[in-house]
Every structure is written in structure tokens, then in C-alpha cells.
Amino acid sequence: MYNAAHKKKVVVILIISVVAVSILTALTPPLTNPPATGEFDGPDSVQRILKHACYDCHSNHTKLEWYHQVAPLSWKISADVLEARRHLNFSHWDSLSAADQRAKLWYAVNMVEQGRMPRRDYTLLHPSAKLSEREVGALKNYIVALTNTSKTQPGKTILKQVSDQPVVRESPNGIQYFSDYLHWKVIVATNRFDNGTMRVIYGNDIAVKAIQEGNINPWPNGAAIVKVVWDAGEQDADGNIYPGAFNNVQFMIRDDERFKRTEGWGFARFNTSHLVPYGKNVSFEVDCMNCHRLASANGFVFDIPTKKP
């Protein structure tokens, strides 16, 4: 008697589950592949790499399997693909400027080298999407080939040029230039091979502690990160690359009340050794935030160590 009742209950639950999934699936807007407006136009070798590793999420050529349309799994797949397309879509490549194209590719390679792309949950089902060192090298070589940056002579007084400015500089959103960051801890140094620049990133005590504790999503209020950018200079006989001309200094200040519309981050950039504030009005920081959304997994900060110090 018990077994019969138990089997009946199991059958009823299964029927209810199937009906529920069917209803949810019918009510879920299907994931589609809209028309492409301008495809990525690069060497065949680069296209092959991007297509097998990136296109399933970052283009309008997603391979739609039957399970893409079955709720609730379809919800996550649709959300992931739409988010990926929003950040980088190779089917709308012609809508980007040449500089933006180089930057997008550079950040994509950076994500690959940090092990954040392709996503692990994707490569579990698509192991062939993992990029080899040879493929990553091919993408880097392509980006370098796109770059046409003038080289400058080595310079060794760059920090002095930045720190001794007597005039107070203020960004349109109220962030003022300050040189105290020169006494902060260096978080990481990076090389933007795509645009011929090298950077040193500093963090204040709050930012450094947040990194050490993994407390970066969101970052605590008061965290501040400063990126100092130089043009890449000449390389000596030993392979050392010296900084060239000072390019700019960039600030990220965490204050979720003051900077609500940009996810709690205030942005500022001061260009050339004259520290000219970037942006004609406060709307410039929205453009900054749109770019930093690529690093949402790191609390919208690109250049931080991938391992705790």
C-alpha cells in the first residue's frame, strides 16, 4: 500500500514538474541570433581562434542547442550570452573605433591570461574553447601589429614631473589631483602592448587590505587606486625597457554615496605633465564606467593581482 502511494506521489510530482518547466519555457523569450551589422575583419588565423573560443557568447552566432530554450537553464544561458554581447560583440565590430577595437582585444587577452575567459562553466562543456599559449601569442602579435605608437626616449625623472606640480587640478566630478599616492603600496605593474604604454598601479591602505582579504566585490568605501601611465621607452642591450614620456595619471575613488550612478566609483584622469583634467563635463565618468564593466567580477577594477599578496 505504501509503495503504491509513494509511486503515485512520485508520478504526480514528475507530471507537475514537467508541466511547470513547459509553462516556464513557453513564457521565456527565446535566445536568438540577431543580424550582424559588421563582422570582425582580421586574418583568417585570428578569426579561427576567436570563433572557436569566443563567438559562442561574444557574437550573434551562438550555437543554439535544444537546452538553450529549456527553463530554468535557459534563463542563465540567455543572461550570460546577452551580458557577454553587451561587453564585446564581434558581430558589431564596425561600430567601434580602431582604438576601442584594440582595447577590447587587449582586455580579452588579459582575461584569458588571468584564467577568467573563457568561463570555466563554459569550457566544462566545450573543452576545445580553451586557448593554447600559441593561440594567445598569435592574438598578442595581431594586437601589436595594429598598434602604431611613436617611441620616445628613456626618461628617469618622470615621478618628479608628476609630483612637483604647484597648481591644484580638479576633474569635472570634483576629484582633485594629489601626489600622496607616491607613498602608497604598489599593487601591480602592467604593460599595455596594444597601445605602447606601461603602468604602475598604487593602492591606499584600504584598497590593499581589501585585496588581501578578497573584499573587492564590492570594494569598501575609502578605497583608492591610482594608475600612473608612461609611454614605453627604449629597450637597452639587457632587455630592460625604460619609461618614456609621462602620459597620464588615473584615479579611482570608492564612495558609494557620492558616485551612485557609476557603481560607487569616482573616476578622474589628468593628462600630460601639465596634469590637464580629462572630460568637458561630469558625464565623462559614465564612459569610464562603461569600459570598467568588463571587470565587474573584480568590482570594476582591471589591474589587481590575481593572487592575494
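In this simple spin-label approximation, LEU82 and VAL276 carry label points 7 Å from Cα along the Cα→Cβ vector, and these lie 4.2 nm apart.
Pop the C-beta distance of ASP44 and GLN176 into the FRET formula with R0 = 45 Å and round what comes out to the nearest 0.05. Calculated transfer efficiency: 0.35. Taking amide H atoms as placed 1.01 Å from N in the peptide plane, the amide H of ARG192 lies under 5 Å from those of THR197, MET198, ARG199, each 5 or more residues away in sequence or on another chain. With a simple spin-label model that places each label point 7 Å from the Cα along the Cα-to-Cβ direction, the separation between HIS126 and LEU146 comes to 2.0 nm. Using a cutoff of 8 angstrom between alpha carbon atoms and counting only pairs six or more residues apart, the relative contact order for the stretch 44-146 works out to 33 percent.
Between HIS52 and SER97, the distance separating the two model label sites (each 7 Å from Cα on the Cα→Cβ line) works out to 3.5 nm.
Net charge near ARG254: determine it from the other residues with C-beta under 14 Å of the C-beta of ARG254, scoring Lys and Arg +1 and Asp and Glu -1.
In short, -3.
Report the local net charge at GLY42: Lys and Arg +1, Asp and Glu -1, summed over other residues whose C-beta lies under 12 Å from its C-beta. Charge balance near GLY42 sits at 0. Relative contact order for the stretch 250-309: 21 percent, from Cα pairs under 8 Å spaced at least 6 residues apart, divided by residue count. Extension gain for ARG258-TRP75 works out to 62.5 nm (0.36 nm per residue, less the C-alpha to C-alpha distance). Pairs from the table (LYS209/LYS260; LYS51/LYS140; LYS51/LYS130; LYS51/LYS76) lying more than 20 angstrom apart at Cα are LYS209/LYS260; LYS51/LYS76.
No value in this document is a laboratory result; all are computed from the given coordinates. Just so we're clear, the structure is a prediction, and the values are computed from it rather than from any experiment. Methodologically, a virtual Cβ is constructed for each residue, glycine included, from the backbone with ideal geometry; neighbour enumeration extends over all protein chains shown.
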